[in-house]
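Engineer: Once you've had a glance at the structure underneath, I'll fire off some questions.
The values are calculated or read from the model by the stated rules, or taken from the named source; none is laboratory data. Treat the numbers as computed from the prediction; the structure is a model and nothing was measured. Cβ coordinates were reconstructed from backbone atoms using ideal geometry, including for glycine residues, and neighbour counts include every protein chain displayed.
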């Protein structure tokens, strides 16, 4: 799935993990804002991107 060219959208846990290229267990350990709908957890792509910007380490910026 081409996540880069899609407008702001809602992502499932699996889609969010794939987008971030991490496993579900690692995703669950992060403090990324999400919404819980019953048993489902969803993420807004724009919020995930904002979280990435805010949590980017200085070493990654300088490279």
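Engineer: Return the pair list, or none, for Cβ contacts closer than 9 Å from residues in the range 12-38 that are in contact (Cβ under 8 Å) with a residue 60 or more places away in the chain to residues that are in a helix (DSSP H, G or I) and loosely packed, with under 11 Cβ neighbours inside 10 Å, at least 6 apart or on different chains.
Structural biologist: none
Engineer: Ok, one more. Where in the chain are the helices (runs of 4 or more DSSP H), entirely inside, with at least 2 residues that are modelled with pLDDT of 95 or more and under 9 Å from the mean Cα position of the chain (by Cα)?
Structural biologist: The helices (runs of 4 or more DSSP H) meeting that bar are 13-20, 45-54.
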